[in-house]
């Protein structure tokens, strides 16, 4: 996967970047509710995995917003062409491991790839966190909770990899279902407009499955 070095001399948000880099707690999280009625109907009609449909929609959202694929290493800012989706995978013994799924824009190909890679982690016993790369986003599903807000453990103020979490879907009226989703980002790289564009793309993908 390729990456481009951002020219800070022409980057419109360079002052914003420098400002939020000085914060001790520069991360913020936004939670919203998504309409998953269509995605659930698609699952009922043809067996599409709702979980992997959510992974696909999140991947589409991240790749629709360049700011969510930007990372910094010191004062160097990079834009990744594509990022992998890294999700926690639960195991029968109560432990979990991390899976890494490359992004594919074709739903059928993505679902097959994700199913295979996640199953391999579920059958293993290694935690396998990847701490040497930043071309990814971290994902976590909490199917037990319909939460209203959420934040993540961050290793430092320099952590700039976005985190996306989502909860269980619940009825919202007689013919509608919704679910909470949170994205947490570093404010030096992403503002509210970027988060709004992300959620719009996720919702649009869920509606178009």
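Bear in mind these aren't lab numbers, they're just calculated from the coordinates by the rules spelled out. Here the structure is a predicted model, which is why all the values come from computation and not from measurement. Positions of Cβ are generated from backbone atoms using ideal geometry, with glycine treated the same way; all protein chains shown enter the neighbour counts.
Going by neighbour counts of Cβ atoms within 10 Å, the residues 144, 103 line up, fewest first, as 144, 103.
The ranking of 163, 69, 33 by Cβ neighbour count inside 10 Å, starting from the fewest, reads 33, 163, 69. Compared with the dominant Cα axis of the chain, that is its longest principal axis, helix 107-122 is turned about 90°. In segment 109-129, whose amide N lies under 13 Å from the spot 7 Å out along Cα-to-Cβ of residue 93? List them in ranges. Residues 122-127 fall inside that zone. Working from label points 7 Å from Cα in the Cα-to-Cβ sense, the residue 8 to residue 149 distance is 3.3 nm.
Between 76, 68, 104, the Gaussian network model of the chain with springs among Cα atoms under 10 angstrom shows the greatest mean-square fluctuation at 76. When the convex hull of its Cα atoms is viewed from all sides, the chain shows a mean projected area of 12.1 nm².
With neighbours defined as other Cβ atoms within 10 Å of a residue's Cβ, the residues 111, 184 order from fewest to most as 111, 184.
Bridge orientation summary for segment 3-207: considering DSSP beta bridges with both residues in this region, about 75 percent are antiparallel. For the chain, averaging the sequence separation of C-alpha pairs within contact (under 8 Å, six or more residues apart) and dividing by the residue count gives a relative contact order of 33 percent.
Does anyone have the angle between helix 50-64 and the longest principal axis of the chain? Alpha-carbon axes, 0 to 90°, nearest 10? Helix 50-64 and the main axis of the chain meet at about 30 degrees.
Seen against the Cα atoms of the chain and their longest principal axis, helix 192-207 is set at about 20 degrees.
Between segment 130-209 and segment 55-127, the C-alpha centres lie 13 angstrom from each other.
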